[in-house]
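The values are calculated or read from the model by the stated rules, or taken from the named source; none is laboratory data. Note that the structure is predicted; figures quoted are calculated from it, not measured. Virtual Cβ from ideal backbone geometry, glycine too; neighbours counted across all protein chains shown. For the accessible areas, the whole protein counts, side chains as well, though only heavy atoms, and no ligand, DNA or RNA atoms are used. Shrake-Rupley method; radii C 1.70, N 1.55, O 1.52, S 1.80 Å.
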Amino acid sequence: ADPKNLEIVAHHLAEVFSNLDAANAAEYAANAKAFQERMEASLEKWQKEMAPYKGASIVPYHPNFIYFADRFGLKLFGTVEPKPGIPPSPHYVNDLAESMKKAGVRVVLYQPYYNADPNNEVAKRAGGTALEIATEVGGLPGTDDVFSKFDTLVSSIAGALAGTSGGK
């Protein structure tokens, strides 16, 4: 997800709750404003951390990673999953890995609820790294709120793109 969109959600929730509970409308508005300010500061930090990798290509398991990629200037080279809901065949895994190797793409991303095996196999054959990432709060240890989730996500992906950390 694009973290910037969460500001829209927070603002909308504040409006809805204010309509339902007018007595506390000022508190809802203040909380939405505080969330927006924290998100803006966090976005600035995350964009600086991802800036060296703008234009880099990644391969997520599923195309739902496009919003994050767009926010931080990453390119989706392909997906491990050939079509949504269709697991990759050995032939597809091999072809994707060969294409990645030729293009110098080294990072594969997948969420905990997807089978790690094809992701690890693609990364191994491409000479890269498969990185398990959380796209939901609580998806992995240390991702207990939206800010810690994106802190972990950004630092993990930046590390994997730099070749200094990440994955299996």
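Before moving on, here are some points about what is shown:
- On the stretch given as the stretch 64-80, residues that are open to solvent by 20 Å² or more (accessible area, probe 1.4 Å) and touching a residue at least 24 places away in the same chain (Cβ under 8 Å) total 5.
- Residues of the stretch 82-118 classified as touching a residue at least 24 places away in the same chain (Cβ under 8 Å) and closer than 14 Å to Ala130 by Cβ, total: 17
- Filter result (within 20 Å of Lys102 (Cβ to Cβ) and among the aromatic types (Phe, Trp, Tyr)) within the stretch 69-89: Phe77
- Test: residue in the stretch 87-94 that is over 27 Å from Pro141 (Cβ atoms), at pLDDT 95 or above, of a type in the set (A, V, I, L, M, F, W, C) and outside any helix (DSSP H, G or I): no
- Residue count for the stretch 42-62 satisfying the condition of being part of a strand (DSSP E or B) and either surrounded by fewer than 16 Cβ atoms within 10 Å (Cβ to Cβ) or β-branched (Val, Ile, Thr) (or both): 2.
- Any chance Phe65 is assigned to a helix (DSSP H, G or I), touching a strand residue (DSSP E or B) at 6+ places or on another chain (Cβ under 7 Å) and under 22 Å from Gly138 (Cα atoms): yes
- Extreme residue, modelled with the lowest pLDDT, among residues of the stretch 1-37 that are assigned to a helix (DSSP H, G or I) and of a type in the set (Asp, Glu): Glu7
- Checked against (1) crowded, with 16+ Cβ neighbours inside 10 Å; (2) touching a residue at least 40 places away in the same chain (Cβ under 8 Å); (3) charged (D, E, K, R), Lys149 passes all but a single condition, namely (2).
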